[in-house]
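Beneath this line is the structure, given in structure tokens, with notes to follow.
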Amino acid sequence: MKGKVLDFIVIIMFFGNILNAQSDSSKVKKIVKKIDISGTWYLAYNKNITDSTNQFLLKRGYITFKSKLNSNLSIRYTQDITLDTEGSDAGNIEIRMKYLYLKLKPFQKGFFKNSFAEFGLVHRPFVDFEQKINTYRSQGKMFIEKSGIVNTSDFGFSFNGLIGEKLSSETQKKVGSHYPGKYGSYSIGIYNGGGYHAIEKNNNKTIEGRLTIRPLPEFIPGLQFSYGGILGKGNKDDITKKFIMSLFAVTYEDKHFILSGQYYTGQGDYKGKYIDIKMNAAKNDGYSVFGELKIPKTSFALFGRYDNFVSKQELNFSKTYYFGGVTYRFLKNKVFAYYGNELIAGKKEEVFELVLEVVF
């Protein structure tokens, strides 16, 4: 059934139009030309130093179809391809949907002219923003997702936009072209809350948002301050489990280096798994720092990250994680090697990994 997801999408996007085109091959070619296809693969060699195992693996694979219906409407479908590690299907390649939405740009003028809405299986506000700055998703999940607080996409509706005009194209080359609002950007949405790989287990809807301010666009355009917030319930049958998140972040982007730091405090999580002795949502906090130094006049870079997370349960549950490595970029792709050290509830794991990120 899972293997037929792509067939289903191809049928939806092509079949009706091809029937209308009948035997006119020129119309069929026109339909195909309107669809942009792209993809990203994370291929790796992993050496687990702790248990002395090693393997070649597919960490992740994404195939994306996009089509512009008119000047205001477009659609996107992204497959998430991964290795199944559980149950009787362990070892099989699993395909599931990551994004499937209609994108609307309703305003042509005024404050909201650089805004858009997504409806369907859509982006969640903060993680999507962070992944545009920390481009090492192929190494692993971002801090707030890795800590189990929230994931990257969900069923729902979001409204997103820029604050002010866009930065000049020359400035964007230096500080990044994603979310290039002169004074910042924002995203707010309402979601089921359980994420893209879970069904809705209660009637609660989660409200999530992000506000980013670029305070000195003329002098330090790469500097941004962000707040990410969530209010709702964990995705459990018992909807008394609170889910509250406050996340404060400072980021700096430059053509030679990237720095980011964030502090998280909250209660519960999107799955409803962090609970205290009274079976209430546990209080949590943590922080993460990330940096990348691009070596001038080369295609090499050095990078690293440190995470610290604590869930204040009956016996405090904690995670610390750090890694560091070296990267080589070529075309749109990169290859990097890193050493990682993770300590979860007192259990240590060390890994060495070589990762090839292919973008097409």
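The values are calculated or read from the model by the stated rules, or taken from the named source; none is laboratory data. Being a predicted model, the structure only gives us computed values, none of them experimental. We place every Cβ from the backbone using ideal geometry, glycine too, and count neighbours over all the protein chains shown.
Here are some notes:
- Single residue of the range 142-178 satisfying the filter (in a strand (DSSP E or B) and among the hydroxyl-bearing types (Ser, Thr, Tyr)) that is farthest from ILE344 (Cα to Cα): SER158
- Applying the criterion of being charged (D, E, K, R) and crowded, with 19+ Cβ neighbours inside 10 Å to the residues of the range 250-276, the residue that is nearest to GLY194 (Cα to Cα) is LYS271.
Condition check ((1) modelled with pLDDT of 95 or more; (2) over 20 Å from SER246 (Cα atoms)) across all residues:
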residue: GLN108; (1), (2): no, yes
residue: LYS113; (1), (2): no, yes
residue: VAL127; (1), (2): yes, no
residue: GLN139; (1), (2): yes, yes
residue: GLU145; (1), (2): yes, no
residue: GLY161; (1), (2): yes, yes
residue: HIS178; (1), (2): no, yes
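- When the range 160-175 is filtered for residues that are buried (at least 17 other Cβ atoms within 10 Å of the Cβ) and under 25 Å from PRO106 (Cα atoms), the ones remaining, listed by number, are ASN160, GLY161, LEU162, ILE163, LEU167.
- Subset of the range 77-92 [hydrophobic (A, V, I, L, M, F, W, C) and in contact with a strand residue (DSSP E or B) (Cβ under 6 Å, 6 or more places away or on another chain)]: ILE81, LEU83
- The single residue among VAL335, VAL310, VAL326 that is over 24 Å from PHE360 (Cα atoms), β-branched (Val, Ile, Thr) and part of a strand (DSSP E or B) turns out to be VAL310.
- Failed item, numbered, when LYS233 is tested on (1) within 12 Å of ILE149 (Cβ to Cβ); (2) buried (at least 19 other Cβ atoms within 10 Å of the Cβ): (1)
- Only a single criterion out of (1) assigned to a strand (DSSP E or B); (2) in contact (Cβ under 8 Å) with a residue 60 or more places away in the chain; (3) buried (at least 17 other Cβ atoms within 10 Å of the Cβ); (4) not aromatic (Phe, Trp, Tyr) is not satisfied by GLY120, namely (2).
- Close contacts from the range 308-327, counting a first residue that is assigned by TED's automatic domain parsing to the domain that holds ILE275 and under 12 Å from ILE277 (Cβ atoms) and a second that is among the β-branched types (Val, Ile, Thr) and in a strand (DSSP E or B), with Cβ to Cβ under 6 Å and a gap of 6+ residues or different chains, come to ASN316/VAL310.
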